[in-house]
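**Q** Would you mind keeping the following structure in view while I ask a few things?
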Amino acid sequence: MHPVAAYTIELFGIPSDAGASCRGTGMGPEAMRVAGVIETLATLGHKVTDRGDITWDGGSAGGTPWRLSSERQAEVLAIARQSSAHALAALSAGRLPMFVGGDHSLSMGSISGVARHCAAIGKPLFVLWVDAHGDFNTPATSESGNIHGMPLALLCGEPDFGPEYDGDWRGLVDPTRVTIFGARSIDRPERQLLGRRGVDVIDMRRIDESGVVALMREMLACVAAAGGHLHVSLDVDAIDPAIAPGAGTPVAGGLTFREAHLVMEMIHDSGTMGSLDIVELNPYLDQAGMSARLLVDLAASLFGRQIMPRQTARMDVNEAATSI
């Protein structure tokens with residue numbers, strides 16, 4: 001039997017909606033705290049330190065997305081620089097950084113810090129982007145101009161970003177080691193770009209046809225075979241809005257309750273995850289904390305909560321890895 005490994009987790013809140021299409025995700029970190037994310041992970045035997053919120057002091061008050069676009073962009077980039085440094089420091093100290101947002105633009109910083117750490121120790125980085133959207137737009141392709149639809153493209157080195165985006169997060173992620181899971185709303189130019197760059201997009205049609213288990217097992221086996229570090233970026237809109245209504249960009253037909261939990265359980269069993277984002281929770285759009293509680297429950301599955309002990313789970317992944 002494989003016991004649940006205890007993690008030392010550093011939790012960072014990013015209460016910002018500057019990259020999003022509507023207000024509200026800035027309240028996400030506090031909603032997750034109120035829903036009991038720290039206590040839930042602690043009861044599983046993990047040491048959780050809440051490092052507070054990463055914020056931006058510049059610009060006008062209120063954090064509304066109706067400010068000048070240059071001001072919103074400045075907030076996103078200032079937070080990215082801070083979160084990149086925090087992710088790098090946490091991993092260098094042997095801890096698991098967990099970023100709770102906030103909109104998905106926060107991943108520009110969190111993943112870049114993870115990538116810098118992996119490059120320093122010579123470990124390949126894999127990214128599992130659990131999301132209804134591809135988030136692979138660029139300033140040249142985006143119809144909305146909202147930065148939360150662009151972080152993967154920036155991280156993977158797309159050239160359409162101006163010099164104001166220069167920093168430690170540019171081009172540090174190999175797109176062929178990125179898997180988007182649960183996609184069902186991707187713009188046409190974005191779809192073409194994802195195909196050219198070799199990103200593995202597991203859309204809901206593939207999930208319907210092949211099932212969560214086969215697809216996740218194949219992806220996790222690749223990470224294990226490479227001895228890789230897996231960063232999980234979980235967007236609430238990956239889950240069907242009928243059970244997770246607190247999303248600013250909901251799309252019908254998402255992951256079911258059990259499919260979402262199974263994804264998290266399989267990641268935990270693989271032993272490959274080393275860092276995490278939970279993003280796009282919008283309490284203003286939620287229903288009595290329904291989405292926040294679901295995300296806390298999914299985090300619990302990701303960190304080892306089980307219905308019954310699994311004796312062969314990690315062995316199954318390792319065996320699959322040796323067969324690749």
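The values are calculated or read from the model by the stated rules, or taken from the named source; none is laboratory data. The structure displayed is predicted, hence computed values, not measured ones. Cβ sites come from the backbone with ideal geometry, for glycine too, and all protein chains shown count toward neighbours.
**Q** Residues being outside any helix (DSSP H, G or I) and surrounded by fewer than 19 Cβ atoms within 10 Å (Cβ to Cβ): count how many of those fall in the range 187-199.
**A** Counting residues in the range 187-199 that are outside any helix (DSSP H, G or I) and surrounded by fewer than 19 Cβ atoms within 10 Å (Cβ to Cβ) gives 2.
Yes or no, residue by residue, for (1) surrounded by fewer than 18 Cβ atoms within 10 Å (Cβ to Cβ); (2) out of contact with any Leu (no Cβ under 6 Å at 6 or more places or on another chain); (3) outside any loop (DSSP other than H, G, I, E, B); (4) in contact (Cβ under 8 Å) with a residue 12 or more places away in the chain:
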| site | (1), (2), (3), (4) |
| --- | --- |
| 214 | yes, yes, yes, no |
| 218 | yes, yes, yes, yes |
| 258 | yes, yes, yes, no |
| 261 | no, yes, yes, yes |
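**Q** Residues in the range 296-310: is at least one within 23 Å of residue 43 (Cα to Cα), of a type in the set (Val, Ile, Thr) and more than 17 Å from the chain's Cα centre (by Cα)?
**A** Within the range 296-310, one or more residues are within 23 Å of residue 43 (Cα to Cα), of a type in the set (Val, Ile, Thr) and more than 17 Å from the chain's Cα centre (by Cα).
**Q** Of everything in the range 91-100 that's surrounded by fewer than 24 Cβ atoms within 10 Å (Cβ to Cβ) and in contact (Cβ under 8 Å) with a residue 60 or more places away in the chain, which residue is farthest from residue 52 (Cα to Cα)?
**A** Selected residue: 94.
**Q** Related question: Do you know which of the residues in the range 144-181 that are under 23 Å from residue 22 (Cβ atoms) and β-branched (Val, Ile, Thr) is modelled with the lowest pLDDT?
**A** Checked the range 144-181; the qualifying residue modelled with the lowest pLDDT is 147.
**Q** From the list 188, 196, which one is at pLDDT 95 or above and basic (Lys, Arg)?
**A** Numbers: 188 fails: at pLDDT 95 or above.
Just one listed residue meets the conditions, 196.
**Q** Can you pull out every residue in the range 155-173 that is touching a residue at least 24 places away in the same chain (Cβ under 8 Å) and either within 27 Å of residue 218 (Cβ to Cβ) or among the hydroxyl-bearing types (Ser, Thr, Tyr) (or both)?
**A** 155, 156, 158, 165, 172, 173
**Q** In addition: Among (1) of a type outside the set (Ser, Thr, Tyr); (2) touching an Asp or Glu at 6+ places or on another chain (Cβ under 6 Å); (3) under 30 Å from residue 89 (Cβ atoms), where does residue 212 come up short?
**A** Of everything listed in (1) of a type outside the set (Ser, Thr, Tyr); (2) touching an Asp or Glu at 6+ places or on another chain (Cβ under 6 Å); (3) under 30 Å from residue 89 (Cβ atoms), residue 212 misses just condition (3).
**Q** Next up: Which of the residues belonging to the range 73-99 are closer than 15 Å to residue 120 by Cβ and in a helix (DSSP H, G or I)?
**A** 84, 85, 87, 88, 89, 90, 91, 92, listed by residue number.
**Q** Same structure again: Could you say whether any residue in the range 143-151 is crowded, with 24+ Cβ neighbours inside 10 Å, in a strand (DSSP E or B) and β-branched (Val, Ile, Thr)?
**A** Within the range 143-151 (the criterion being crowded, with 24+ Cβ neighbours inside 10 Å, in a strand (DSSP E or B) and β-branched (Val, Ile, Thr)), the answer is no, since none of the residues qualifies.
**Q** Just name the residue that is nearest to residue 90 (Cα to Cα) out of those in the range 25-73 that are modelled with pLDDT of 95 or more and among the basic types (Lys, Arg).
**A** That would be 51.
**Q** Hey, another quick one. Given the options 45, 19, 28, name the one that is within 16 Å of the chain's Cα centre (by Cα) and assigned to a loop (DSSP other than H, G, I, E, B).
**A** 19
**Q** Condition first: under 30 Å from residue 123 (Cα atoms) and among the acidic types (Asp, Glu). Now tell me which residues in the range 238-267 satisfy that. Break it down stepwise before answering.
**A** First, pick out the residues of the range 238-267 that are under 30 Å from residue 123 (Cα atoms): 238, 259-267.
259, 265 - these are the residues of the range 238-267 that are under 30 Å from residue 123 (Cα atoms) and among the acidic types (Asp, Glu).
**Q** Scan the range 153-186 residue by residue and report those that are hydroxyl-bearing (Ser, Thr, Tyr) and surrounded by 15 or more Cβ atoms within 10 Å (Cβ to Cβ).
**A** 165, 179, 185
**Q** What tally of residues in the range 110-133 results from selecting those that are buried (at least 24 other Cβ atoms within 10 Å of the Cβ) and assigned to a loop (DSSP other than H, G, I, E, B)?
**A** 2
**Q** For the range 228-246: of the residues being touching a Pro at 6+ places or on another chain (Cβ under 7 Å) and of a type in the set (Gly, Ala, Ser), which is surrounded by the fewest Cβ atoms within 10 Å (Cβ to Cβ)?
**A** So the residue we want is 228.
**Q** Mind checking whether some residue in the range 133-143 is modelled with pLDDT of 95 or more and closer than 22 Å to residue 224 by Cα?
**A** no
**Q** Out of all the residues in the range 101-109, is one or more surrounded by fewer than 24 Cβ atoms within 10 Å (Cβ to Cβ), in a loop (DSSP other than H, G, I, E, B) and at positive phi?
**A** No - not one qualifying residue is present in the range 101-109.
**Q** Just need a number here: residues in the range 183-199 that are small (Gly, Ala, Ser) and closer than 18 Å to residue 222 by Cβ.
**A** The qualifying residues number 1.
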